[in-house]
Amino acid sequence: MQSMLILNGPNLNLLGTRQPEIYGTTTLADVEDMCRAHAEKIGVTLDFLQSNHEGVLIDALHAARGTKGGVILNAGAYTHTSIALMDAIRSAEVPVVELHLSNIHARESYRHLSYISPVAIGLICGFGARGYTLAMDALFSYLEGTG
């Protein structure tokens, strides 16, 4: 059975109340419930972690090495600033799908740069909370060698 980690970065604990016009009204708890139900449907085990602290995210990526089939990472604003996260992904040698609720390429120009994209197997953005299950399906296909 494949194992996945969904890793959420800064401010994602405020989903549902923070800028709902951009990020929607679905809470992080709702996202986790949706993903757990989807994991049962596709037959994967799933762990969830959210942190506002860059080092905690890096530690989680390191811990995924050899223990998780892959990681879905919504690094939030760290996407555009964290060379450390990029290096952690490269060092962990675990496939990572980069995920964003909003279309980062349709927003402010500083959000167009991603330090995650060069080390990710793919990017899903702009589909709101549905992006999480899309990312799960994409990662599952990648791990099974069918996508």
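I'd like to know if the stretch 112-120 contains one or more residues that are of a type in the set (Phe, Trp, Tyr), without any contact (Cβ under 8 Å) to a residue 40 or more places away in the chain, closer than 24 Å to Thr27 by Cβ and not in a helix (DSSP H, G or I). Within the stretch 112-120, none of the residues are of a type in the set (Phe, Trp, Tyr), without any contact (Cβ under 8 Å) to a residue 40 or more places away in the chain, closer than 24 Å to Thr27 by Cβ and not in a helix (DSSP H, G or I).
Of the residues making up the stretch 28-87, those that are closer than 18 Å to Ser117 by Cβ, among the charged types (D, E, K, R) and either touching a Phe, Trp or Tyr at 6+ places or on another chain (Cβ under 7 Å) or buried (at least 20 other Cβ atoms within 10 Å of the Cβ) (or both) number 1. Taken together, the residues in the stretch 43-70 that are more than 13 Å from the chain's Cα centre (by Cα), of a type outside the set (D, E, K, R) and outside any helix (DSSP H, G or I) amount to 8.
The selection criterion, being at pLDDT below 95, in a helix (DSSP H, G or I) and within 29 Å of Gln19 (Cα to Cα), does not hold for Tyr78. Per the listing Ala84, Ala88, the residue uniquely free of Cβ contacts under 8 Å to residues at least 40 places away in the same chain, within 28 Å of Gly145 (Cβ to Cβ), of a type in the set (A, V, I, L, M) and out of contact with any strand residue (DSSP E or B) (no Cβ under 6 Å at 6 or more places or on another chain) is Ala88. Summed over the stretch 121-137, the residues that are surrounded by 21 or more Cβ atoms within 10 Å (Cβ to Cβ) and among the aliphatic types (A, V, I, L, M) give a count of 3.
The values are calculated or read from the model by the stated rules, or taken from the named source; none is laboratory data. Here the structure is a predicted model, which is why all the values come from computation and not from measurement. Methodologically, a virtual Cβ is constructed for each residue, glycine included, from the backbone with ideal geometry; neighbour enumeration extends over all protein chains shown.
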